[in-house]
Amino acid sequence: MLPAHRYGIYRAQTTGRLASGGSSWAWRVMITRAGKSICNKSFADKKYGGEEAALQAAVRHRDELLAQDVPPHKRDRNQLLRRNNTSGRAGVSRCKCKGRDYYIAQTLLPDGTRLRKAFSVAKYGEAGAIERAVAERERQLAQVVGYAVYSPGARRAAP
């Protein structure tokens, strides 16, 4: 895991225009929100006079960007539909365990606790099991409070 002061900043080898035909190194600021890139900018060592100066420029740029960015609510982050989701509902999945089909509602709380409850398709039927799983997921999400903190060291906008 990166140190807090390096949130959204990565070391990258560049080629092409920035590298003058060869390759060189740069710090890259890459930040996404809700799956969309809001920043992808490079700070080349050569342009800024060395690795440390390029890093300082990248940190300044990242902090300026985050100062304008209101952090998302943790509940909103938990409701993002992931690429591998098969049920169409965030936090609800269908699985087969020991030959039986279930819909499972699960939520990761900010303290690291995972809430998880399964509903049998055999017992409740397809529609009943997914309906109960969705309702359980809503109950679990009510326990998620606060705003996401990506970088304690970076200056942020007030929520």
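The values are calculated or read from the model by the stated rules, or taken from the named source; none is laboratory data. Nothing here was measured: the structure is a model prediction, and the numbers come from that model. Counting neighbours? That spans all protein chains shown, and the Cβs are built from the backbone with ideal geometry, glycine included.
Quick look at the numbers
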item: Number of the exception - residue 75 against (1) surrounded by fewer than 17 Cβ atoms within 10 Å (Cβ to Cβ); (2) at pLDDT below 90; (3) closer than 25 Å to residue 6 by Cβ; result: (3)
item: Filtered residues of the stretch 30-69 (kept if in contact (Cβ under 8 Å) with a residue 12 or more places away in the chain and part of a strand (DSSP E or B)); result: 30, 31, 33, 38, 39, 40, 41, 42, 43, 44
item: Residue count for the stretch 28-72, restricted to those that are basic (Lys, Arg) and under 19 Å from residue 5 (Cα atoms); result: 5
item: Residue match in the stretch 54-63 (condition: within 29 Å of residue 12 (Cβ to Cβ), among the polar types (S, T, N, Q) and surrounded by 13 or more Cβ atoms within 10 Å (Cβ to Cβ)); result: yes
item: Residue match in the stretch 13-21 (condition: over 30 Å from residue 146 (Cα atoms) and assigned to a loop (DSSP other than H, G, I, E, B)); result: yes
item: Filter pass, residue 28 being assigned by TED's automatic domain parsing to the domain that holds residue 128, modelled with pLDDT of 85 or more and not hydroxyl-bearing (Ser, Thr, Tyr); result: no
item: Considering residues of the stretch 116-138 that are touching a Lys or Arg at 6+ places or on another chain (Cβ under 9 Å) and among the aliphatic types (A, V, I, L, M) only, the residue nearest to residue 78 (Cα to Cα); result: 134
item: Yes/no for residue 111 being in contact with a strand residue (DSSP E or B) (Cβ under 9 Å, 6 or more places away or on another chain) and assigned by TED's automatic domain parsing to the domain that holds residue 129; result: no
item: Residues that are surrounded by 12 or more Cβ atoms within 10 Å (Cβ to Cβ), of a type in the set (Val, Ile, Thr) and free of Cβ contacts under 8 Å to residues at least 40 places away in the same chain, drawn from the stretch 101-145; result: 104, 107, 121
item: Subset of the stretch 99-145 (residues that are among the basic types (Lys, Arg) and touching a helix residue (DSSP H, G or I) at 6+ places or on another chain (Cβ under 7 Å)); result: 100, 117, 132
